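Visitor: Right, I'll just put the structure down here and ask away after.
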Amino acid sequence: MLNSGDRMTDLLTQPQFIAAAVVAVLLVGMSKGGFGGAMALLGVPILSLVVPPVQAAAILLPILIVMDIVSLWAWRGNFDRRTLMVMLPGAMIGIGIGWLTAAIVTEAHVRLIVGVVALVFFLRWLVEKAGRRERVSEHNAPRGVFWGSIAGFTSFVAHAGGPPYQVYALPLKQDPKLYTGTSVVFFAVVNAVKLVPYFALGQFDTTNLTISLALAPIAPLATLAGVWLIKRMRAEIFYPLMYAMVFIVSIKLIHDGVTGIWG
């Protein structure tokens, strides 16, 4: 049987693992820079082609923290305090529920439910857009806490917190820089808090952490590439793109959920 050092060395010398890991980190980094959530959801599935899904998620989480630090620096000063005040308390509740139910909740069911919610959200926007009656929402504390808790829970269980966050935040029609900066702060806090229960549940070991460290240098470059693109994008392009990303994410989540349940 291979020990942890042997397993780490074996993975880092496999061309297929290196290729999958680099692609996964690049896509997630672009997303963390602000370029939509669809690419971020591809990270774990791509890495899962060469390692088990649980190990893929454990490898990526420390890298996400590195990306969060870069994103926080790149988007410093661009955040909406009210959005964070109404959503972060809910997110903490959602993470706690995810921790307590980790042994009984399946990732496949969560992905399917979130995918259906995201698809309905996109279709509602599409109908409003077609009828030229697209609405701009105001802040609502109960709604923000609800969607924040769903985002925290799904982020913990299935790394799929983006769609619930977007259901609340996109209709606010904030300036693209403000929207992106706020989402960066929100998920930086969520990912930092997730470290505690992930450690408690034993999802980190020497092998996974060492691989994360080896891949970490790619993270800042990919994240800054996403930042560069978003900072040059106009609102009339940004919001349709974000809703298109929601649609892609919803299809991906529904596919993964159905495959996981009946595959």
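Visitor: Mind checking whether some residue in region 15-34 is modelled with pLDDT under 75 and either of a type in the set (A, V, I, L, M) or out of contact with any Phe, Trp or Tyr (no Cβ under 8 Å at 6 or more places or on another chain) (or both)?
Guide: no
Residue-wise test of (1) modelled with pLDDT under 90; (2) within 17 Å of the chain's Cα centre (by Cα); (3) of a type in the set (Lys, Arg).
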| residue | (1), (2), (3) |
| --- | --- |
| Leu178 | no, no, no |
| Thr182 | no, yes, no |
| Val185 | no, yes, no |
| Val189 | no, yes, no |
| Phe204 | yes, no, no |
| Asn208 | yes, no, no |
| Phe247 | yes, yes, no |
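Visitor: Quick one: how many residues across region 102-119 are outside any helix (DSSP H, G or I) and either closer than 18 Å to Leu178 by Cα or touching a residue at least 24 places away in the same chain (Cβ under 8 Å) (or both)?
Guide: Final tally of qualifying residues: 3.
Visitor: From Ala108, Ala158, Ala141, which residue is more than 20 Å from Ser71 (Cβ to Cβ), crowded, with 22+ Cβ neighbours inside 10 Å and of a type in the set (A, V, I, L, M, F, W, C)?
Guide: None of the others qualify; the one that does is Ala158.
Visitor: Which numbered condition in (1) farther than 22 Å from Val227 by Cβ; (2) surrounded by fewer than 18 Cβ atoms within 10 Å (Cβ to Cβ); (3) of a type outside the set (Gly, Ala, Ser) is the only one that Asp175 fails?
Guide: (1)
Visitor: Could you figure out which of (1) surrounded by 15 or more Cβ atoms within 10 Å (Cβ to Cβ); (2) over 16 Å from Ser31 (Cβ atoms); (3) within 19 Å of the chain's Cα centre (by Cα); (4) of a type outside the set (Phe, Trp, Tyr) isn't true of Val196?
Guide: Answer for Val196: the failing condition is (1).
Visitor: Within region 185-232, which residues are without any contact (Cβ under 8 Å) to a residue 24 or more places away in the chain and of a type in the set (A, V, I, L, M, F, W, C)?
Guide: Of all residues in region 185-232, those without any contact (Cβ under 8 Å) to a residue 24 or more places away in the chain come to 196, 199, 202, 217, 232.
Val196, Phe199 - these are the residues of region 185-232 that are without any contact (Cβ under 8 Å) to a residue 24 or more places away in the chain and of a type in the set (A, V, I, L, M, F, W, C).
Visitor: Within region 76-92, how many residues turn out to be part of a helix (DSSP H, G or I), touching a residue at least 60 places away in the same chain (Cβ under 8 Å) and of a type outside the set (Gly, Ala, Ser)?
Guide: Final tally of qualifying residues: 6.
Visitor: Is it true that some residue in region 204-211 is more than 24 Å from Arg111 (Cα to Cα) and of a type in the set (Asp, Glu)?
Guide: yes
Visitor: Would you check which residues across region 14-36 are closer than 10 Å to Thr223 by Cβ and either free of Cβ contacts under 8 Å to residues at least 24 places away in the same chain or part of a loop (DSSP other than H, G, I, E, B) (or both) and list them?
Guide: Gly33, Gly34, Phe35
The values are calculated or read from the model by the stated rules, or taken from the named source; none is laboratory data. Just so it is clear, the structure is predicted and the values come from calculations on it, not from any experiment. Because the Cβ atoms are built from the backbone with ideal geometry, glycine has one as well, and the counts that use them run over all protein chains shown.
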